[in-house]
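Here the structure is laid out as structure tokens; the discussion comes afterwards.
Each value in this text was obtained by applying a stated rule to the coordinates, not by laboratory testing. Worth saying up front: this structure is predicted, and the values here are computed from it rather than measured. Neighbour counts are summed over all protein chains in view; Cβ atoms, including those assigned to glycine, are modelled from backbone coordinates with ideal geometry.
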Amino acid sequence: MADIRIRQMVHANICVRDMEKTVPFYERLGFEKLADQVFEAGAGVWRGLGLEDNRRFRAVFMNSPGDNPPPFLDIIRCLDRPTAGDVYEALDNVGIARLCVEVADVDAVAAQGVEFVGPVSP
């Protein structure tokens, strides 16, 4: 069997309850909105997301600034049967519990009111 080689990471899905709070948060961190669209029933993306075909969701795609290639954020809010569930309490829960980005000055980010869930460490 041949080794599988990933060419690049394309995007990370983040499912949210409140797009109006989430998008400004990532914009504050420096992400730029690439697109904002609603996917209707029959859009052809459902099986890949593990959702029924008759669902609707809004997706906002965001990238770090400049001419950077992927990866980008694919922020989703389900509309028909709204987003449900609880946020991850800690990193020892199953699933993706955090997103790591590099900034020029983490203290300056904190000074702008960005809340950290744990201490900053190298």
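Quick look at the values:
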read-out	value
Burial order of peptide ranges 54-60, 19-25 (average beta-carbon count within 10 Å, highest first)	54-60, 19-25
Distance between modelled label sites at V45 and M9, nm, 7 Å Cα→Cβ extension	2.0 nm
With eigenvalues of the C-alpha gyration tensor scaled by 5 and rooted, segment 11-111, Å	26, 17, 12
